[in-house]
Amino acid sequence: MPERPQPRTGHVALAGAPNVGKSSLLNALVGQHLAIVSPRAQATRLPVVGLLTADDTQYVFHDLPGLLEPAYLMQSRMRELALATLRRMHVVLHLHPSPDAPAPPFESVARLEQSLEAPVLTVYTKADLVSPARRAELASSGIVVSAAGPPGLDGLLARIRAHLPEGEFEHDPGDVGTQPVRFFVVEFLREAAFELLEDELPYGFTAEVEEFREDERPVYIRVTLFVERESQKRIVIGAGGQTIKAIGARARQRIEEMIGAPVYLDCWVKVLPQWRRSAAALTRFGFPEAESP
Ligand SMILES: Nc1nc2c(ncn2[C@@H]2O[C@H](COP(=O)(O)OP(=O)(O)OP(=O)(O)O)[C@@H](O)[C@H]2O)c(=O)[nH]1
Ligand SMILES: [Mg+2]
């Protein structure tokens, strides 16, 4: 009898510049809308973990915030978190949009001082936006994918799998995410803010779960939405409360899909000036302080 192959389990980063399609690819890989997506850059602030267990292989994907030159404290913490995650991966996928190929070296995109131990695979995203001939050309220097349909993701998975170590699964094969529902409540509110608020507003927007009563039906979730200025608070509330109602309704729908139960989402808005530049506020909102080297 041939021996059963050992299971493989490994950690895989989806990394690259902002807006290249990292979160969309994560969602396509795990088959669920876990990570928020927006046509506007810098939607992802904190890594989102997505799991795919296929036969004897468990892929633990880490969707990272886009790598950029930080302009203020929140962006510094986003970058530190992304770099710390990159250093513990088995494989790093460097995502770059097919229409903007070729991809620059990952070291220059990430401005790494030391190269990574893990292999870096170039992945050309948004392949549906280029011609079949161009896709064939790009396939000689990278893995060509689209989150919007074919080309399929099986080729990508096969390429990743070859680099994953043998080892037991770390998570239940049926699991898709690892982070608490509270994390996704904030994310889905932020996604609704990207969809419904204009200009700079979504960038100064975040939320915090104050109360979560999951044994009740509907599940009761009370959140505070934070903005940086009084004028923004008025916009978020909207005439007669219509904007905050719309934001809450969109987020609630996503939360209900995730937990499979009806939800009552109770939203309140507060002003927290300059929270993106405040160490205390950022720590409170889940952006860890960098570990000292
Ligand atoms: N046509 C097409 N559009 C895509 C594809 N993947 C992503 N997009 C679009 O590209 C935009 C950015 O996608 P995201 O997945 O949010 O990109 P990201 O790299 O996670 O962005 P940040 O988190 O902001 O760094 C969105 O408008 C997506 O709908 C794709 O395969 N094809
Ligand atoms: Mg993203």
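Quick note: the coordinates plus some simple rules give every number you see, no bench work behind them. These figures come from a predicted structure and were not determined experimentally. Glycine gets a Cβ as well: all are built from the backbone with ideal geometry, and neighbour counts include every protein chain shown.
Summing Lys, Arg as +1 and Asp, Glu as -1, what charge do residues with Cβ under 14 Å from the Cβ of VAL37 carry, VAL37 excluded? That sum, taken over residues with Cβ under 14 Å, equals +3.
Work out how much length ARG284 to ASP128 would gain on full extension: take 0.36 nm times their residue separation and subtract the Cα-Cα distance, in nm to one decimal.
52.2 nm
If r is the Cβ-Cβ distance from ALA41 to ASP215 and R0 is 35 Å, what FRET efficiency results, to the nearest 0.05? About 0.35, to the nearest 0.05. Let me know the longest stretch in the chain that avoids all GluC sites (Glu not before Pro) found in a DSSP loop with at most 15 other C-beta atoms within 10 Å. So the longest stretch without any such site is 4-112. Between ARG222 and ILE235, the modelled label-to-label distance comes to 2.8 nm, taking each label 7 Å out from Cα in the direction of the beta carbon. Annotation for ASP172 and ASP56: the two label points, set 7 Å from Cα along the Cα-Cβ direction, are 2.5 nm apart.
Karplus-derived 3J(HN,Hα) values for the range 262-275, using 6.51 cos²θ - 1.76 cosθ + 1.60 with θ = phi - 60°, are x, 10, 10, 10, 9, 10, 10, 10, 9, 9, 10, x, 6, 4 Hz; glycine and proline are entered as x.
Restricting attention to the chain, the count of lysine pairs at 8 or more positions apart or across chains with alpha carbons under 26 Å apart stands at 4.
Each Lys or Arg adds one and each Asp or Glu subtracts one; over the other residues with Cβ under 9 Å from the Cβ of ALA118, this totals +1. For the chain, the equivalent ellipsoid derived from the alpha-carbon gyration tensor has semi-axes of 33, 22, 19 Å in decreasing order. Since only PRO104, GLY142, MET89 are under comparison, the one whose Cα sits farthest along the positive direction of the charge dipole of the chain, derived from C-beta charges on Lys, Arg, Asp and Glu, is PRO104.
Using only alpha-carbon positions in the range 234-289, the gyration tensor eigenvalues give semi-axes of 25, 19, 7 Å once each is multiplied by 5 and square-rooted (largest first).
Counted as membrane-span-like here are DSSP H helices of the chain whose alpha-carbon atoms extend 18 Å or more along the helix's own axis and whose Kyte-Doolittle mean is 0.5 or above; these are 181-196. By other beta-carbon atoms within 10 Å, ranking PHE169, PHE287 with the fewest at the front produces PHE169, PHE287.
Semi-axes of the equivalent ellipsoid for the range 8-161, computed as √(5λ) from the eigenvalues of its C-alpha gyration tensor and ordered from largest down, come to 22, 18, 16 Å. The charge dipole of the range 181-284, taken about the Cα centre with unit charges on the Cβ atoms of Lys, Arg (+1) and Asp, Glu (-1), comes to about 260 debye, rounded to the nearest 20.
Taking the number of Cβ atoms within 10 Å of each Cβ as an exposure proxy, the fewest-first ranking of HIS11, HIS163 is HIS163, HIS11.
Exposure proxy ranking for TRP268, TRP275, based on other Cβ atoms within 10 angstrom of each Cβ and starting from the fewest, stands as TRP268, TRP275. Computing FRET efficiency as 1/(1 + (r/R0)^6) for ARG182 and SER141, where r is the C-beta to C-beta distance and R0 is 35 Å, gives about 0.25.
A cut-off under 10 angstrom between Cβ atoms defines the neighbours of ARG161, and their net charge, with Lys, Arg +1 and Asp, Glu -1, is 0. Under 5 Å between amide hydrogens, built in the peptide plane, is the criterion, and for ASP266 it picks out ILE221, ARG222, VAL223 among residues at least 5 positions away or on other chains.
Scalar couplings 3J(HN,Hα) for the range 40-57, obtained by applying the Karplus form with A = 6.51, B = -1.76, C = 1.60 to θ = phi - 60°, are 8, 5, 6, 6, 7, 10, 10, x, 10, 9, x, 10, 9, 10, 10, 6, 9, 10 Hz; x denotes Gly and Pro.
Charge dipole (Cα centre; +1 on Lys/Arg Cβ, -1 on Asp/Glu Cβ; no other charges) of the range 1-80 amounts to roughly 280 debye.
Taking amide H atoms as placed 1.01 Å from N in the peptide plane, the amide H of ALA17 lies under 5 Å from those of LEU67, each 5 or more residues away in sequence or on another chain. Here is the list for the range 1-86: trypsin sites (Lys or Arg not before Pro) lying in DSSP coil, each with at most 15 other C-beta atoms within 10 angstrom of its C-beta, are ARG40. Relative to the Cα centre, the charge distribution of the chain, modelled as +1 at Lys and Arg Cβ and -1 at Asp and Glu Cβ, gives a dipole magnitude of about 760 debye. Shown is the FRET efficiency for ALA261 and ALA148, computed with R0 = 30 Å from the Cβ-Cβ distance and rounded to the nearest 0.05: 0.50.
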